[in-house]
Amino acid sequence: MKDFDLNLARVFVLLYETGSVTVTADALRVTQPTVSYSLGRLRRHFDDELFRRTGRGLVPTATAQRMYEPLHRAVAEIDGVLSQAGGGFDPDQTPARFSIALSDLGEVTLLPRLAAAAREAAPQVSFTVRPLDVDDVERQLARGEVDAFVATPVMTSHRTVRIPLFRERYVAMVAQDHPRVGRGAVPLERLGEERHAIVVGPSGHAAPRELLAQHDLLDRVAVEVSRFSALPYLLESTDLVAILPEYVAEVFAASHRLRPVPLPFETEPMEVAAYARHEASRTPAQRWLVSFLVGVLGEQVSPAQLPVVP
């Protein structure tokens, strides 16, 4: 230990979680050559390459994988002590702009809740919202292009942490005056006779299409759109049927001539989760953001309870 600089532990943890010298340097507010020099010291100390360069960034060796958990815990404990000693983030006093990635469903249903809550609890905080691309968002998080994202697909990466927010079921949605679908659960036979609208795109919300496929109803799809936010306008003007998460359906029904209808079969509940860097890799402000997301979005509320953003 007398020959080991504890600052190297933080460099190692950040390199492991971000896979990038550039992002690590930005997080530590040092130059890239400083991080490269620290990596060289780590390699000499442990007599191992630790990270190999690839087209997708730095990939840890087997030795680095064994080292990560104990070093991560040590850095997290040190950060916890420092935070309790007054090194935290105060959203009442410190201006901050966070970049979060949301699907269009998230923009329509979750963003208003975040903006209203921030208006009350964190008036110095503002948000930049990026479109959610499930194929690229983990890279965006690792490179510091977003501070967090909210998604339904389960993503597993050693560079991110998944924090469950809430679960909900799926329902069908139709126009308020739909001529054939009543207000009770729509029979499977009726669902098979109706024409459907589905969403295809990079948001990763594939369950409605999969449910139709499971019941051999894909040939009943009449319209495919790229964004969920187009559905309420489409449904209230036609006799099409769409499958949506229940809370989303309630939000759409509160502002359009639509009504949710129970499905005739059981569906696996959808779980919405927030994703962020590991705590040791977050700034004090990012730690506050994760806590804020969990506190605001982790509580199930009805659309009628939503506060109005001034």
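Here, each number is a calculation from the coordinates, and none is a lab measurement. All of these numbers come straight from a predicted model, not from anything done at the bench. So basically every Cβ, Gly included, is an ideal-geometry build from the backbone, and we count neighbours across all protein chains shown.
I need to check one value: relative contact order of the stretch 133-240, counting alpha carbon pairs closer than 8 Å and at least 6 residues apart, in percent. Please report the intermediate quantities before stating the final value.
Details: 83 pairs, mean separation 35.2, N = 108.
About 33 percent, as a whole number.
Take the Cα gyration tensor of the stretch 172-289, multiply each eigenvalue by 5, square-root it, and list the three semi-axes largest first, rounded to whole angstrom.
Working: eigenvalues 199, 51, 36 Å².
Rounded to whole Å, the semi-axes are 32, 16, 13.
When the dipole is taken about the Cα centre of the stretch 11-50, and only Lys, Arg (+1) and Asp, Glu (-1) are charged at their Cβ, what size is it in debye, to the nearest 20?
Here the size comes out at about 180 debye.
Is there a quick way to get the dipole size of the chain? I mean about its Cα centre, with the Cβ of Lys and Arg at +1 and of Asp and Glu at -1; what is the value in debye to the nearest 20?
The calculated dipole for the chain is roughly 800 debye.
Quick check for me: using +1 on Lys/Arg Cβ and -1 on Asp/Glu Cβ, what's the dipole size of the stretch 175-240 about its Cα centre, in debye to the nearest 20?
Charge dipole of the stretch 175-240: 140 debye, to the nearest 20.
In what order do 99, 237 fall by count of nearby beta-carbon atoms within 10 Å, going from fewest to most? All intermediate terms of the calculation are to be shown ahead of the outcome.
On the way: 99 17, 237 11.
Final ranking by Cβ density, sparse to dense: 237, 99.
Can you tell me the equivalent ellipsoid semi-axes for the stretch 171-225? Use √(5λ) from the Cα gyration tensor, largest first, whole Å.
20, 13, 10
Defining a contact as two alpha carbons under 8 Å apart and six or more residues distant in sequence, what relative contact order in percent does the chain show?
Relative contact order comes out at 23 percent.
Against the 2.2 N^0.38 Å scaling, with N counting residues, where does the stretch 220-301 land? I'd like the Cα-based Rg ratio to two decimal places. Numbers along the way, then the final one.
Details: Rg = 17.4 Å, N = 82, 2.2 N^0.38 = 11.7 Å.
Normalised Cα radius of gyration, the stretch 220-301: 1.49.
Taking every alpha carbon pair in the stretch 110-152, what does the distance histogram look like in 10 angstrom bins from 0, in percent?
Per 10 Å bin, starting at zero, the Cα-Cα P(r) for the stretch 110-152 comes out as 25, 45, 28, 2 percent.
So what is the calculated 222 nm ellipticity per residue for the chain, using -39500 (n - 2.57) for each DSSP H run with n of 4 or more, over all residues, to the nearest 500 deg cm²/dmol?
Calculated at 222 nm, the ellipticity per residue is -11500 deg cm²/dmol.
Can you give me the three principal axis dimensions of the chain from its C-alpha atoms, in Å, biggest first?
79, 43, 27
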